[in-house]
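The values are calculated or read from the model by the stated rules, or taken from the named source; none is laboratory data. Just so you know, these numbers come straight off a predicted model, no measurement behind them. Quick reminder, even Gly has a Cβ in these numbers, built from the backbone with ideal geometry, and neighbours come from all protein chains shown. The area values use the complete protein model at the heavy-atom level, side chains included, leaving out ligands, DNA and RNA. Shrake-Rupley method; radii C 1.70, N 1.55, O 1.52, S 1.80 Å.
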Amino acid sequence: MLSRLIYASAVGDDLRPGELNRLLERARQRNVQRGITGLLVFDSRHFLQVVEGSRRSLNDLYAALLRDPRHRDVQLLKFARIDARRFPGWSMGFVPADLAHRTMVARHAETFDFDPALLDGESAEALLVEFGAATAGRAAVLTPA
């Protein structure tokens, strides 16, 4: 059964500057092996991520996130069965949530500030889809700035 999981978290104290590239590279390798695709949005304070794959793979991934000291205040925003992937070509796409994206964030949140913990599941999913569409095929999806 194919599923989609969306979560938000705050950056934990154990995420050191420069570590994000290594984290993304390891996640991409593991995700290919596990049949997981998705997109990560990050602004140096918050993570918003959507992952798609088998229910078991996503459950295992979420359990690991809850134990990961680089994430704190992990919130499950949505977990649902799906018929098709929205991010099929990305083992782990990446988008920096920077000032250029403030208007996009405001369309789905009550503020221009990127704080995914304030989003409900539907708003988070809509924002992730918009981020993905806005950056599809661009370098920002592949590597953090």
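What is the distance, in nm, between label points placed 7 Å from the Cα along the Cα-to-Cβ direction at Tyr62 and at Arg81?
It works out to 1.5 nm between the two label points.
First check a/c for segment 1-73, with a ≥ b ≥ c the square roots of the eigenvalues of its C-alpha gyration tensor; if it is under 1.5, answer rounded, and if not, answer prolate when a/b is larger than b/c or oblate otherwise. Could you put the intermediate results ahead of the total?
On the way: a/c = 1.91, a/b = 1.57, b/c = 1.22.
Prolate, because a/c is 1.5 or more and a/b exceeds b/c.
Run the dipole for the chain about the Cα centre, Lys and Arg Cβ at +1, Asp and Glu Cβ at -1, nothing else charged, and hand back the magnitude in debye, nearest 20.
Approximately 620 debye in magnitude.
With the cut-off at 1.5 for a/c, could you classify segment 20-138 from its C-alpha gyration tensor as rounded, prolate or oblate? Working shown, then result.
Details: a/c = 1.42, a/b = 1.35, b/c = 1.05.
Rounded shape, in that the Cα axes give a/c under 1.5.
Which ³J(HN,Hα) values, rounded to whole Hz and listed in residue order, are derived for segment 56-65 from phi using the Karplus coefficients 6.51, -1.76 and 1.60 in 6.51 cos²θ - 1.76 cosθ + 1.60 with θ = phi - 60°, glycine and proline given as x?
5, 4, 5, 4, 5, 5, 5, 4, 5, 4
When ligands, DNA and RNA are left out and all protein chains stay put, how many square angstrom of accessible area per residue does the chain have with a 1.4 Å probe? Intermediate values should be presented prior to the final figure.
Values: 7640 Å² over 145 residues.
Accessible area per residue: 53 Å².
Within segment 14-52, what residues put their amide N at less than 11 Å from the label point 7 Å along the Cα-to-Cβ vector of Arg70?
14-28
Ordered by residue, what ³J(HN,Hα) values in Hz, to whole numbers, does segment 81-95 give under the Karplus form 6.51 cos²θ - 1.76 cosθ + 1.60, where θ = phi - 60° and Gly and Pro are x?
With coefficients 6.51, -1.76 and 1.60, one gets 6, 10, 8, 8, 6, 9, 10, x, x, 10, 5, 5, x, 9, 9 Hz.
Taking 4 °C and 1.567 mPa s as the conditions, I'd like the Stokes-Einstein D for segment 43-108 in µm²/s, using the Kirkwood hydrodynamic radius from alpha carbon pairs.
92
For Gly93, list long-range residues whose amide hydrogen, built 1.01 Å from N in the peptide plane, is under 5 Å from its own amide hydrogen.
The list, which skips near neighbours in sequence, is Gly38, Leu39, Leu40.
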